[in-house]
1. For every other residue with a beta carbon closer than 9 angstrom to the beta carbon of S112, add +1 if it is Lys or Arg and -1 if Asp or Glu, then tell me the sum.
2. Could you state the number of Å between the C-alpha centres of the stretch 109-128 and the stretch 34-69?
3. Once you have a ≥ b ≥ c as the square roots of the Cα gyration tensor eigenvalues for the stretch 51-119, tell me rounded if a/c is under 1.5, and otherwise prolate or oblate according to whether a/b is larger than b/c.
4. Could you tell me which of rounded, prolate or oblate describes the stretch 28-83, using a ≥ b ≥ c as the square roots of the eigenvalues of the alpha-carbon gyration tensor, with rounded for a/c under 1.5 and, failing that, prolate when a/b is larger than b/c and oblate otherwise?
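Any read-out appearing in this document is the output of simple, stated calculations on the displayed coordinates, not a laboratory observation. Quick caveat, the model's predicted, so the values are computed rather than measured. Because the Cβ atoms are built from the backbone with ideal geometry, glycine has one as well, and the counts that use them run over all protein chains shown.
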Amino acid sequence: MRKRPLLLAAALTTGLLTALPAATASAAPSGLAGDFNGDGYRDVAVSAVCTDVGSASCAGAVVVLYGSSSGVSATKKAVITQNSPGVPGTAESSDLFGSSLASGDLDRDGYSDLVVGSSGESIGDRDGVGSGTVLWGSKSGLSGGKGLPSRPRSPSGAASRVASPPGTSTATATRT
Ligand SMILES: [Ca+2]
Ligand SMILES: [Ca+2]
């Protein structure tokens, strides 16, 4: 006897969900790959690897163009460098921030994140060993970041190598 009212309720719910606009103020992030602000439109990250930042030549930058129903536009963009708020490190000459880019939702919050390589970064007394930075996706787009762990030195002084099976990655990031 209870079966029919339940089916009716399900049908009403389905109809209501269909009638709602695709994006509302409280909408959940889209979960789309490359959608850094979760609005349902994929975004574009472009490397400007040899951009000068202040007096630092070839410090590098990433330009993010946010998507919309009419595509990407230069009016809805962000330029991110190592001097941007929340981004670890400091823009220095020849850091080459943006030398490689990859996206994925590393913390599984529904917002795609961006991994940025800086192939010229020096760490401690090791010149140009490179580094990786995660820029976190959020409702307001890419903001803040976290440096990926660098390889520790072996007792001989050389950077140790971490073996991993083909097709796997040893890079991990934990949101703090
Ligand atoms: Ca988007
Ligand atoms: Ca994320």
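1. Working: positive: R42; negative: D35, D43, D105, D113.
With Lys, Arg at +1 and Asp, Glu at -1, the net is -3.
2. About 14 Å separates the Cα centre of the stretch 34-69 from the one of the stretch 109-128.
3. On the way: a/c = 2.30, a/b = 1.44, b/c = 1.60.
Since a/c reaches 1.5 but b/c is at least a/b, the shape of the stretch 51-119 is classed as oblate.
4. Details: a/c = 3.25, a/b = 2.35, b/c = 1.38.
Note, shape of the stretch 28-83 comes out prolate.
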